[in-house]
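Visitor: Before I ask anything, here is the structure I am working with.
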Ligand SMILES: Nc1ncnc2c1ncn2[C@@H]1O[C@H](COP(=O)(O)OP(=O)(O)OP(=O)(O)O)[C@@H](O)[C@H]1O
Ligand SMILES: [Mg+2]
């Protein structure tokens, strides 16, 4: 297993910004430092997750700031960076007519493993790591969705990178495949850096060391899952209600889950203010609930800010 050769952080972002041609600012002022372990990058659609991961993968140049992988700058030393990282893009799905083994073998050859025997050994090893040895001969189009995602991880791992970047790897997987995937990244994260983007919070699993929440191109939270969970204290509640009560709840709160309970519905929801009458606080919210509570609170402060702005400008016009 290759370990970090330098004391430089695995990934270091300083003031990263990216504005696409046409003027859309997808990222602004992103700073973070990641060491070894599994890190989660969370955020709603369009938050800028893929843009950030593509910058780390040297596929997109930042328009501001600097990004380094193990001390190598992504813009000035892209080749060094590429040799250090493995990347699974959000839309990995080509190679349908090739055999599983062939895909990994080709990518191994492209990443510089030129000796045939050594490459065969490495391809077999990496397919075993992701649990695909039994389907090495099968064509990609005959693999399940989860197997294709794991093949994506295998191709990203073949040159033994120190840093693995995976963009929404669990989309479209069934619960069992998601569990296998979670176990795989937790295991891989023990001795390398994995940065995994997702909007399925539960898919980060217990192995996640720290998480960054990206919203509108900025990091709005960076810390351990426990810190996020602590912040959710008193903001998640449960209540059992009927259809009418349910409608009222839906209008006032963000509902996280609904479960039939006797003649009514037991629901869990997040609040940005007080817990409503008759409801009980949830003692141990899930990470997903903590994430939703955090985002809901942000939404409220954003709305409050906009209200203030409107009030100020209305006041200005009147005066
Ligand atoms: N090539 C592009 N040209 C212009 N704008 C783009 C381009 N790619 C992405 N964007 C915009 O930049 C923003 C961030 O996109 P990005 O794909 O990074 O988000 P994301 O967080 O990965 O979203 P998702 O969860 O849907 O994958 C979006 O508003 C998107 O429309
Ligand atoms: Mg994306």
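Visitor: Can you give me the number of residues within the range 104-151 that are modelled with pLDDT under 90 and under 21 Å from residue 84 (Cα atoms)?
Guide: 13
Visitor: Do you know which residues across the range 17-37 are more than 18 Å from the chain's Cα centre (by Cα) and either crowded, with 22+ Cβ neighbours inside 10 Å or within 13 Å of ligand 2 (Cβ to nearest atom) (or both)?
Guide: 18
Visitor: Could you go through the range 38-45 and let me know if any residue there is at positive phi and buried (at least 17 other Cβ atoms within 10 Å of the Cβ).
Guide: yes
Visitor: Show me the strands (runs of 3 or more DSSP E) found entirely inside the range 1-110 where at least 3 residues are without any contact (Cβ under 8 Å) to a residue 60 or more places away in the chain and assigned by TED's automatic domain parsing to the domain that holds residue 205. Outline the logic, then answer.
Guide: Numbers: elements: 11-19, 25-34, 37-42, 64-69, 85-88.
By residue number, 11-19, 64-69.
Visitor: Scan the range 169-187 and give yes if some residue there is more than 12 Å from the chain's Cα centre (by Cα) and farther than 18 Å from residue 147 by Cα, otherwise no.
Guide: no
Visitor: Testing residue 34 on (1) at pLDDT 95 or above; (2) touching a helix residue (DSSP H, G or I) at 6+ places or on another chain (Cβ under 9 Å), one condition comes back false. Which one is that?
Guide: Just one mismatch for residue 34, condition (2).
Visitor: Right, here's the next one. When you go through 266, 243, 202, 280 one by one, which is the residue that is at pLDDT below 90 and not assigned by TED's automatic domain parsing to the domain that holds residue 35? Quick ask: steps written out before the conclusion?
Guide: Details: 266 fails: at pLDDT below 90; 202 fails: not assigned by TED's automatic domain parsing to the domain that holds residue 35; 280 fails: at pLDDT below 90.
When all the criteria are applied, what remains is 243.
Visitor: Output the residues belonging to the range 59-118 that are within 16 Å of ligand 2 (Cβ to nearest atom) and closer than 18 Å to residue 163 by Cβ.
Guide: Of the residues in the range 59-118, the ones within 16 Å of ligand 2 (Cβ to nearest atom) are 59-60, 87-93.
Of everything in the range 59-118, those that are within 16 Å of ligand 2 (Cβ to nearest atom) and closer than 18 Å to residue 163 by Cβ turn out to be 59, 60, 87, 88, 89, 90, 92.
Visitor: Let me ask you something else. Would the range 116-124 turn up any residue that is farther than 21 Å from residue 196 by Cβ, assigned to a loop (DSSP other than H, G, I, E, B) and in the same structural domain as residue 51 (by TED's automatic domain parsing)?
Guide: Within the range 116-124, the subset farther than 21 Å from residue 196 by Cβ is 116-124.
Next, only the ones that are assigned to a loop (DSSP other than H, G, I, E, B) stay: none.
No, the range 116-124 contains no residue that is farther than 21 Å from residue 196 by Cβ, assigned to a loop (DSSP other than H, G, I, E, B) and in the same structural domain as residue 51 (by TED's automatic domain parsing).
Visitor: Which residues, taken from the range 38-50, are touching a helix residue (DSSP H, G or I) at 6+ places or on another chain (Cβ under 8 Å) and within 12 Å of ligand 2 (Cβ to nearest atom)? It would help to see each step written out before you state the result.
Guide: Taking the range 38-50 as the starting set, the residues that turn out to be touching a helix residue (DSSP H, G or I) at 6+ places or on another chain (Cβ under 8 Å) are 38, 40-44.
Matches in the range 38-50: 41, 42, 43, 44.
Visitor: Consider the range 79-105. How many of its residues are away from ligand 1 (no atom under 16 Å from the Cβ), surrounded by 15 or more Cβ atoms within 10 Å (Cβ to Cβ) and closer than 25 Å to residue 142 by Cβ?
Guide: Residues that pass the stated criteria total 10.
Visitor: In the range 253-300, how many residues are part of a loop (DSSP other than H, G, I, E, B) and over 26 Å from residue 43 (Cβ atoms)?
Guide: Quick first cut of the range 253-300, residues part of a loop (DSSP other than H, G, I, E, B) only: 253, 262-263, 271-279, 282-286.
Filter again for over 26 Å from residue 43 (Cβ atoms), leaving 262-263, 274-279, 283.
The qualifying residues number 9.
Visitor: Checking the conditions here, which among 8, 108, 68 is touching a strand residue (DSSP E or B) at 6+ places or on another chain (Cβ under 6 Å) and more than 11 Å from ligand 1 (Cβ to nearest atom)?
Guide: Numbers: 8 fails: touching a strand residue (DSSP E or B) at 6+ places or on another chain (Cβ under 6 Å); 108 fails: touching a strand residue (DSSP E or B) at 6+ places or on another chain (Cβ under 6 Å).
Only one candidate passes the filter, namely 68.
Visitor: For the range 46-70: of the residues being at pLDDT 95 or above and surrounded by fewer than 17 Cβ atoms within 10 Å (Cβ to Cβ), which is nearest to residue 13 (Cα to Cα)?
Guide: Checked the range 46-70; the qualifying residue nearest to residue 13 (Cα to Cα) is 66.
The values are calculated or read from the model by the stated rules, or taken from the named source; none is laboratory data. Here the structure is a predicted model, which is why all the values come from computation and not from measurement. With ideal geometry, Cβ positions are generated from the backbone for all residues, glycine too; neighbour counts draw on all protein chains shown.
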